[in-house]
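Enquirer: Next up is a structure, given as structure tokens.
The values are calculated or read from the model by the stated rules, or taken from the named source; none is laboratory data. These figures come from a predicted structure and were not determined experimentally. Cβ placement follows ideal geometry from the backbone for every residue including glycine, while neighbour counts extend to all protein chains displayed.
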Amino acid sequence: MRPMRRLLLPALLLCTLAGTFVLYTRPDFLVQLSQQIWGCF
């Protein structure tokens, strides 16, 4: 179980970082995110 966890955590972090990078390359996502954040105030 230990070696599996050792590989799973970096893989999960890499997928999260890659997904975040892909979302930030889409301008429409950034506009929508900024509008949602601004709507909170």
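Enquirer: Is at least one residue of segment 2-16 free of Cβ contacts under 8 Å to residues at least 60 places away in the same chain and outside any helix (DSSP H, G or I)?
Expert: At the first step, the residues of segment 2-16 found to be free of Cβ contacts under 8 Å to residues at least 60 places away in the same chain are 2-16.
Then drop every residue that is not outside any helix (DSSP H, G or I), which leaves none.
No, every residue in segment 2-16 fails to be free of Cβ contacts under 8 Å to residues at least 60 places away in the same chain and outside any helix (DSSP H, G or I).
Enquirer: Same structure again: Residue check: is Leu23 in contact with a Phe, Trp or Tyr (Cβ under 6 Å, 6 or more places away or on another chain) and among the hydrophobic types (A, V, I, L, M, F, W, C)? Break it down into steps so the answer makes sense when it comes.
Expert: Values: in contact with a Phe, Trp or Tyr (Cβ under 6 Å, 6 or more places away or on another chain): yes; among the hydrophobic types (A, V, I, L, M, F, W, C): yes.
For Leu23, the condition - in contact with a Phe, Trp or Tyr (Cβ under 6 Å, 6 or more places away or on another chain) and among the hydrophobic types (A, V, I, L, M, F, W, C) - is met.
Enquirer: With Leu8, Leu23, Leu17, Leu12 as the choices, which residue is of a type in the set (A, V, I, L, M), modelled with pLDDT under 90 and either touching a Gly at 6+ places or on another chain (Cβ under 6 Å) or surrounded by 10 or more Cβ atoms within 10 Å (Cβ to Cβ) (or both)?
Expert: Leu23
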